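Okay, structure first, notes after.
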Amino acid sequence: MRGKVLHLVPVLFVVTCFSFLLTSLLPGDVALVMSGPNATPQSIAALRSQLQLDQPLPVRYADWLGRAVRGDLGTSPRSNVTVVQSIKDRLPISLELLVLAEVIGLLVAVPAGIASAYRAGGVLDQAASGAAFGILAVPGFVVAIVLIYLFAVQLDLVPATGYTPLLTDPLANLRSFFLPALTVGLGEAAAYTRLLRSDMIATLQEDYIAMARAKGLPTWHILTRHALKPSSFTLLTVLGINIGRLMGGALIVETIFALPGVGRLLVESIYARDLVVVQGVVAFVAVAFVLVNFGVDLLYAVLDPRIRHGRAVA
Amino acid sequence: MRKRSLGILLTAALLAIAACGGGGGGGQGNAAGPPKSGGSVTFGLRADFLSLDPLIVNNDSDLSVANGIYDTLIARVGDKGELGPSLADSWQPSSDLKTLTLTLHQGVTFHDGTPFNADAVVFNLERHMDPRNKSMALSDALLIDSVKAVDDRTVAITLKTPWVDFPQTLVGSIGLMTSPTAVKQEGADYGRHPVGTGPFVFKEWVTGDHITATKNKNYWRKGFPYLDSVTWRPIPDQDAKYASLKAGQIDVLQVATADQVVRAEKDSKLKVWSYAGNGGTFVMMNMKAPPFDDLNARLAITYATNRREIVDQIGHDKYPIATGPFPPGSTWDTKVTEPNFDEAKARAALQAYGKPLNFKFNIVSDPITRQYGQVLQAQWKKVGINADLVQMDQATLIQAAFGKQFQLQIFQYGDWFDPDRVLFNGYISKGSIVNFTGFADPAVDAALIKGRTTSDPTVRKQVYGVVQQAIAQEVPLVWLSYNTEYMISSTRVQNLNTIYSSITKPYQVWASS
């Protein structure tokens, strides 16, 4: 355990280093773009020195890292708001989308995956596979627009875009999250169904399942108690990756549904070359990603006793 | 999409046109009877808001909200968007055009009760002039030498050099008047707690989702505003924005694309509003580098460009064909037309050039600009010109323009009101960072300086004629189409007539039930 935590330090260092370097490689003169329509050579030069763009990259990185470890990711020269504040404002929205989308994903995928695996090749399996491939083949932004057209424009059940804070009106909040969560959730459900199905089919070939059957245990009991847990490793790994990814917001979905999450902050900041915000957000997302996956690693031990006790099957 | 991306381009780079404009136009009919008070309207805007501090406010979304909460010193009025009174009842330039004397409207107070007077104007302008405040309008503010309160309702602004077009800057963010009390009280947090004199009082801002403001019952324009409240919502995705209009989450869609206008015109539940501005879309050529340092190469491009086809195919005929900096009917148009489509002449120019004409054509990678690129590429190919399309994002394209690291690229001028804005920095040979093409002509320099430093309209029209003539001969750029700004609303929205530079003025908008 302590070894794993110590491992994190170099990983986080490399991750922040890369995110800093990559964002520095964005084409376009940051000072020029940010200076806006009324730029003068003087104002551009002033902004350049304010952003330390006249300093060598390692110096900028060391300075940034020194402040970042103390929780200061800088202040956007565009809006005068600190990056930490911007992330605080927007993270709850991305997190809510993440939770709702994963809940939808799992609620659909677990039953569908189990049912598909139980009678692999059957009608239900084929229907689920067809639906899953269909959803996977259609890009998220198309799904989003189709869902808006269907649920908001034609049926008028939920708003097409926008966001109501949870504390202002919980019901309106859920209504405003319905379409974006469904868009992300459907995509996740499709992938999860396929993963769970294939792992489950393998598990169902195991001797102990045959044993359980021979003992006359009811099918649903075998499927949910004996087969599901050992079949969920791949699902858990991918879930961890997806949660880590969604910590940074669903870039396209947040933009389409006008949800003010971390993803939209990132997109807007990239277009405006607000490097301070881009670097801060990318580093935050990278760190969150590493930490979530670290958490998933720990969960393996809970699911599989072999990992808990010793290194034999590392 | 085209309006959006090219619009920013221009805003971001070409000229300091925060809120200027001209041309003709106006909205569709207003047959809904006498104005009615009450109700609310939600505007769907293009970009997210950063801050409501005029130091930072600078795009059409920010300015639309700002124009609800603040008033500017000078406004644009009427069908042609001419300069008219607002917080300043009148303004008088001195004969040497170095001093502008503003006479302020009396009896105006800010939402927090602070009186609006000459001291408030001095406070606001000096706030922009102080480089430590990093105003986005610093270059406008730097033109000012000093601001003095002559008496309670008179302000004298002295410029460093004579500039006939200075009043136009007071329409933009520098002219938005904030309450000095609130600015001092809120400090760095002011941008989220704006206090102005405007028709609506700031109520709430939910980050990234909306800003709401309620009726200012003591508004100084008697009888206005009509609405009880106004909400502004940024929705960056054009399709989602249109769907939100159809589903009723927003009542007005700002900055509509040609496709959306065509669709909305067939929809009985929607209304289209338009304003023909003076800006336009064009391709510009770098005259400082091969191949376009050769006039024949530039002529070949001009003659090979079929503007009619572009306007029909991409713009659905929603934007007029452009043949020069001034639209027909403009006060400044001296009827100089630039070389138009003629394939035979294009081939002749190409022959005179004497080499194969191959170059890189920079475009922004959004779907509509890409269409422009592809149609132009195909047109030029017909006469044997090979354009290699290079897609980039806006930031990169702007940098290429500033650094003159391009051969030919697509660009756009936004709406403008006085020719000095669009011509001076674009064509003056020295001291401008936005003369992208590298155009240089001593006669044009002299004409531009004359045009900036005289207020006689006859002289100005004559000197700008000289500029038009020179541009038509040297063809640093090929005009494609003039901008028309479109907004779409639900039928209950009335009197949305003033949409200069895609900025709305909600004080005169009302809603039928």
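When segment B:480-493 is limited to residues that are more than 17 Å from B:Ser64 (Cβ to Cβ) and touching a Ser or Thr at 6+ places or on another chain (Cβ under 6 Å), the one that is most open to solvent (accessible area, probe 1.4 Å) turns out to be B:Arg492.
A:Glu188 meets the conditions (1) free of Cβ contacts under 8 Å to residues at least 40 places away in the same chain; (2) assigned to a helix (DSSP H, G or I); (3) more than 20 Å from B:Lys246 (Cα to Cα) in every case but one. The failed one is (1).
The single condition among (1) in contact with a Lys or Arg (Cβ under 8 Å, 6 or more places away or on another chain); (2) open to solvent by less than 10 Å² (accessible area, probe 1.4 Å); (3) within 13 Å of chain A (Cβ to nearest Cβ); (4) not aliphatic (A, V, I, L, M) that B:His210 does not satisfy is (2). Only one of the listed residues (B:Pro291, B:Pro234) is within 30 Å of B:Ala348 (Cβ to Cβ) and either crowded, with 23+ Cβ neighbours inside 10 Å or not small (Gly, Ala, Ser) (or both). That residue is B:Pro291.
Whether a residue is under 30 Å from A:Gln205 (Cα atoms), away from every other protein chain (no Cβ under 14 Å) and at pLDDT 90 or above was assessed, and A:Leu106 passes this test.
Condition check for B:Ser268 on (1) more than 13 Å from chain A (Cβ to nearest Cβ); (2) modelled with pLDDT under 90; (3) open to solvent by 20 Å² or more (accessible area, probe 1.4 Å); (4) assigned to a loop (DSSP other than H, G, I, E, B): one failure, at (2).
When residues in segment B:431-460 are screened for being open to solvent by less than 60 Å² (accessible area, probe 1.4 Å), free of Cβ contacts under 8 Å to residues at least 24 places away in the same chain and polar (S, T, N, Q), 2 of them pass.
For B:Val150, the criteria (1) of a type in the set (A, V, I, L, M); (2) open to solvent by 10 Å² or more (accessible area, probe 1.4 Å); (3) in contact (Cβ under 8 Å) with a residue 60 or more places away in the chain hold in every case but one, which is (3). Residues in segment A:210-224 that are in a helix (DSSP H, G or I) and not hydroxyl-bearing (Ser, Thr, Tyr): A:Ala210, A:Met211, A:Ala212, A:Arg213, A:Ala214, A:Trp220, A:His221, A:Ile222, A:Leu223. Condition test on B:Gly279, is it open to solvent by less than 10 Å² (accessible area, probe 1.4 Å), out of contact with any Ser or Thr (no Cβ under 8 Å at 6 or more places or on another chain) and closer than 28 Å to B:Ile69 by Cβ? So B:Gly279 fits the description; yes. Whenever a residue of segment B:312-323 is crowded, with 18+ Cβ neighbours inside 10 Å, its partners that are small (Gly, Ala, Ser), lying with C-beta atoms within less than 7 angstrom and at least six residues away or across chains, give the pairs B:Gly315/B:Ala258; B:Gly315/B:Ser481; B:Lys318/B:Ala258; B:Tyr319/B:Ser481; B:Pro320/B:Ser481; B:Ile321/B:Ser481; B:Ala322/B:Gly280; B:Ala322/B:Ser481.
Residues that are of a type in the set (Lys, Arg) and free of Cβ contacts under 8 Å to residues at least 60 places away in the same chain: does segment B:185-194 have at least one?
In the first step, residues of segment B:185-194 are kept if they are of a type in the set (Lys, Arg); the result is B:192.
Adding the requirement that they be free of Cβ contacts under 8 Å to residues at least 60 places away in the same chain leaves none.
Checking segment B:185-194: not a single residue is of a type in the set (Lys, Arg) and free of Cβ contacts under 8 Å to residues at least 60 places away in the same chain.
Tell me whether segment B:118-129 contains one or more residues that are in a loop (DSSP other than H, G, I, E, B) and out of contact with any Ser or Thr (no Cβ under 7 Å at 6 or more places or on another chain). No, segment B:118-129 contains no residue that is in a loop (DSSP other than H, G, I, E, B) and out of contact with any Ser or Thr (no Cβ under 7 Å at 6 or more places or on another chain).
Taking the criterion of being more than 12 Å from chain B (Cβ to nearest Cβ) and open to solvent by less than 40 Å² (accessible area, probe 1.4 Å), the residues of segment A:164-185 that qualify are A:Phe177, A:Ala181, A:Leu182, A:Val184, A:Gly185.
Considering A:Val103, A:Val108, the condition of being surrounded by fewer than 19 Cβ atoms within 10 Å (Cβ to Cβ) and in a helix (DSSP H, G or I) is satisfied by A:Val103 alone.
The residues in segment A:114-167 that are assigned to a loop (DSSP other than H, G, I, E, B) and either out of contact with any helix residue (DSSP H, G or I) (no Cβ under 9 Å at 6 or more places or on another chain) or not acidic (Asp, Glu) (or both) can be counted, and the count is 18. Among the residues that make up segment A:151-163, is at least one of them more than 11 Å from chain B (Cβ to nearest Cβ) and open to solvent by less than 40 Å² (accessible area, probe 1.4 Å)? No, every residue in segment A:151-163 fails to be more than 11 Å from chain B (Cβ to nearest Cβ) and open to solvent by less than 40 Å² (accessible area, probe 1.4 Å).
One residue alone among B:Glu204, B:Glu186 is surrounded by fewer than 20 Cβ atoms within 10 Å (Cβ to Cβ), within 14 Å of chain A (Cβ to nearest Cβ) and either closer than 22 Å to A:Arg264 by Cα or among the hydroxyl-bearing types (Ser, Thr, Tyr) (or both), and that residue is B:Glu204.
So in segment A:225-275, with the set limited to residues that are basic (Lys, Arg) and part of a helix (DSSP H, G or I), which one is least open to solvent (accessible area, probe 1.4 Å)?
By that ranking, first place goes to A:Arg264.
Checking the condition in contact with a strand residue (DSSP E or B) (Cβ under 6 Å, 6 or more places away or on another chain), within 14 Å of chain A (Cβ to nearest Cβ) and surrounded by 14 or more Cβ atoms within 10 Å (Cβ to Cβ), which residue from B:Leu100, B:Leu143 passes?
Just a single option satisfies the conditions, and that option is B:Leu143.
Quick one: is B:Ser501 within 21 Å of the chain's Cα centre (by Cα), open to solvent by 10 Å² or more (accessible area, probe 1.4 Å) and closer than 30 Å to B:Ala258 by Cβ? For B:Ser501, the condition - within 21 Å of the chain's Cα centre (by Cα), open to solvent by 10 Å² or more (accessible area, probe 1.4 Å) and closer than 30 Å to B:Ala258 by Cβ - is met. Only residues that are modelled with pLDDT of 90 or more, closer than 20 Å to A:Thr161 by Cα and within 11 Å of chain A (Cβ to nearest Cβ) were counted across segment B:34-81, and they come to 3. If you go through segment B:239-257 and keep only what is assigned to a helix (DSSP H, G or I) and surrounded by fewer than 20 Cβ atoms within 10 Å (Cβ to Cβ), you end up with just B:Asp239. The combined condition, being of a type outside the set (A, V, I, L, M) and buried (at least 23 other Cβ atoms within 10 Å of the Cβ), is fulfilled by B:Asp415. A:Ile243 meets all of the listed conditions (1) within 14 Å of chain B (Cβ to nearest Cβ); (2) in contact with a Leu (Cβ under 7 Å, 6 or more places away or on another chain); (3) at pLDDT 85 or above but one, namely (1). Looking at segment B:187-212, which of its residues are outside any strand (DSSP E or B) and among the polar types (S, T, N, Q)? Listed by number, the residues that qualify are B:Thr197, B:Thr207.
Any residue at all in segment A:208-220 that is open to solvent by less than 10 Å² (accessible area, probe 1.4 Å) and more than 14 Å from chain B (Cβ to nearest Cβ)? Checked segment A:208-220: at least one residue is open to solvent by less than 10 Å² (accessible area, probe 1.4 Å) and more than 14 Å from chain B (Cβ to nearest Cβ). Cβ-Cβ distances below 6 Å connect the following pairs, each with a first residue in segment A:36-48 that is more than 8 Å from every other protein chain (Cβ to nearest Cβ), a second residue that is at pLDDT 75 or above and not in a helix (DSSP H, G or I), and a separation of six or more residues or different chains: A:Arg48/A:Asp54.
The values are calculated or read from the model by the stated rules, or taken from the named source; none is laboratory data. Predicted, not measured: the structure shown is a model, and the values here were computed from it. Cβ sites come from the backbone with ideal geometry, for glycine too, and all protein chains shown count toward neighbours. The protein model used for the area step is the full one, side chains on, heavy atoms only, and it has no ligands, DNA or RNA in it. Shrake-Rupley method; radii C 1.70, N 1.55, O 1.52, S 1.80 Å.
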